[in-house]
Amino acid sequence: MLTTVDVIARAEPTPPQPVSVLVTLPEPTGADAIGVVDLHLVDTARRDPYEAANPRELMVSIWYPATDVAELPVRPWLSPGLAQMYADSVTPVGAPSQRRWAFGPSHGYLGAGAEISRGRRPIVVFSPGKGLPRELSTAQAEDLASHGFVVVTLSHTHETSATEFPGGRIEESLLPPATDPGEDEAQGTTALATRVADTRFVLDELTDLAAGHNPDADQHALPANLAGVLDVSKVAMFGHSLGGATAAQAMHDDRRIAAGADLDGRLWGSVVTEGLDRPFMLINREGHDRANIPGMKQFWAAGRGPKLNFRLNGAQHHSFCDNQLIAAPLVAAGAVSSAAASQLVGTIDPRNSIDLQRSYLRGFFDMALGRYDDLPQAPAAFLHPEMVPVP
């Protein structure tokens with residue numbers, strides 16, 4: 001399911017005994033209870049670039065401050081179908097399915113009423129890394145929601161390894177394996193354009209939702225007061241890897257996006273040479289920064305808006321999604337060696353890593369969107385020794 005995890009885990013010897021692995025999400029740090037709803041969206045004006053016979057359809061999750069959550073079920077972190085696909089992807093080739101996997105739940109209550117006593121809340125859109133489902137950045141999404149943001153996470157159908165639709169239908173990636181850099185470049189270019197179009201369509205649907213319309217293709221009932229919690233005048237976006245590039249290019253193309261952040265993503269598209277005039281933050285692993293990536297250096301020079309750039313010491317590329325939380329239990333259970341895991345998620349403690357990213361994203365979006373709720377905490381959030389400012 002996940003190429004990098006697959007490559008590393010498949011290199012591991014098969015353990016002689018079954019291994020039970022329980023993976024849990026860290027508690028959100030905010031005071032708000034969290035509601036979540038999954039929406040099935042269909043863009044009838046656009047053909048799917050990966051399956052041209054059909055209109056473009058997407059799944060998104062909306063995480064939001066909630067009320068009256070007692071007795072409501074919580075959303076699974078990964079559904080049983082997606083969890084099984086993940087487990088299968090880290091089972092050695094030719095080995096029986098020996099490892100039993102259990103993923104803890106999220107902290108989002110399905111269908112809970114939105115908390116509207118404090119008015120409409122700013123919106124943060126999230127785009128995952130290439131091939132990754134939106135569920136693998138749940139730790140960041142639900143934490144922002146616990147601090148009063150509405151977070152909208154996207155799965156980019158047929159590029160994402162697996163997108164689950166209502167009724168359990170799973171659409172897998174239709175991208176063939178790239179055999180050379182040129183093919184990978186072409187795939188990335190198509191994926192970026194598709195992702196930006198996905199993002200702009202979702203912003204249109206959120207505007208309709210805020211106006212009282214139900215955009216769900218299946219017309220499932222929406223949570224109470226969901227329309228009333230959306231402030232479509234305050235929108236930001238962030239992403240991991242190609243999702244970070246998506247945030248930058250979508251922000252360039254659509255002025256509804258007032259601020260953006262890129263978690264360890266190489267930048268592509270016209271935004272590289274034309275830059276941005278609104279706030280943008282880069283957080284990278286060591287060696288994947290403006291000194292080593294020409295496009296990032298161009299982007300930085302071309303930008304006219306406020307800019308921040310940090311390096312997260314001890315991180316690797318998958319330190320910027322939930323894989324960092326999954327790797328450690330695999331090591332503890334003997335399913336993956338510590339050396340293999342460090343290639344994937346680095347040497348930084350995963351809980352420290354996610355805490356830092358949560359703090360920096362929250363502080364940045366608070367300031368960039370003029371919300372200020374957490375500003376008393378923001379100065380301290382930008383002084384951690386493992387998060388190094390890049391001059």
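The values are calculated or read from the model by the stated rules, or taken from the named source; none is laboratory data. Computed from a prediction, not measured in an experiment: that's the story for all the values here. Methodologically, a virtual Cβ is constructed for each residue, glycine included, from the backbone with ideal geometry; neighbour enumeration extends over all protein chains shown.
In table form, for the structure just shown:
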quantity	calculated
For LYS130: the one exception among (1) crowded, with 24+ Cβ neighbours inside 10 Å; (2) more than 24 Å from ASP253 (Cβ to Cβ); (3) at pLDDT below 95	(2)
Selection status of ALA191, without any contact (Cβ under 8 Å) to a residue 12 or more places away in the chain and more than 29 Å from ILE34 (Cβ to Cβ)	no
Positions within the stretch 283-311 being in contact with a strand residue (DSSP E or B) (Cβ under 9 Å, 6 or more places away or on another chain), among the hydrophobic types (A, V, I, L, M, F, W, C) and over 16 Å from GLY239 (Cα atoms), in sequence order	ILE293, PHE299, TRP300
Test: residue in the stretch 268-279 that is within 22 Å of CYS321 (Cα to Cα), of a type outside the set (S, T, N, Q) and modelled with pLDDT of 95 or more	no
Hits in the stretch 281-307 (condition: in contact with a Ser or Thr (Cβ under 9 Å, 6 or more places away or on another chain), buried (at least 18 other Cβ atoms within 10 Å of the Cβ) and more than 16 Å from GLU386 (Cβ to Cβ))	PHE299
Residue that is surrounded by the fewest Cβ atoms within 10 Å (Cβ to Cβ), among those in the stretch 236-267 that are part of a strand (DSSP E or B) and more than 11 Å from the chain's Cα centre (by Cα)	ALA258
Residue count, the stretch 62-87 (criterion: buried (at least 19 other Cβ atoms within 10 Å of the Cβ), touching a helix residue (DSSP H, G or I) at 6+ places or on another chain (Cβ under 9 Å) and in a helix (DSSP H, G or I))	2
Strands (runs of 3 or more DSSP E) (entirely within the stretch 98-158) containing at least 1 residues that are among the hydrophobic types (A, V, I, L, M, F, W, C), in contact with a strand residue (DSSP E or B) (Cβ under 8 Å, 6 or more places away or on another chain) and within 17 Å of VAL36 (Cα to Cα)	105-110, 121-127, 150-155
Near pairs, Cβ below 8 angstrom, 6+ apart or cross-chain, from the stretch 366-391 (on the phi < 0 side of the Ramachandran plot and modelled with pLDDT of 55 or more) to any residue that is assigned to a helix (DSSP H, G or I) and among the aromatic types (Phe, Trp, Tyr)	ARG371/PHE365; PHE382/TYR360; MET387/TYR360
Test: residue in the stretch 360-369 that is surrounded by fewer than 22 Cβ atoms within 10 Å (Cβ to Cβ), more than 20 Å from the chain's Cα centre (by Cα) and either among the hydrophobic types (A, V, I, L, M, F, W, C) or in a helix (DSSP H, G or I) (or both)	yes
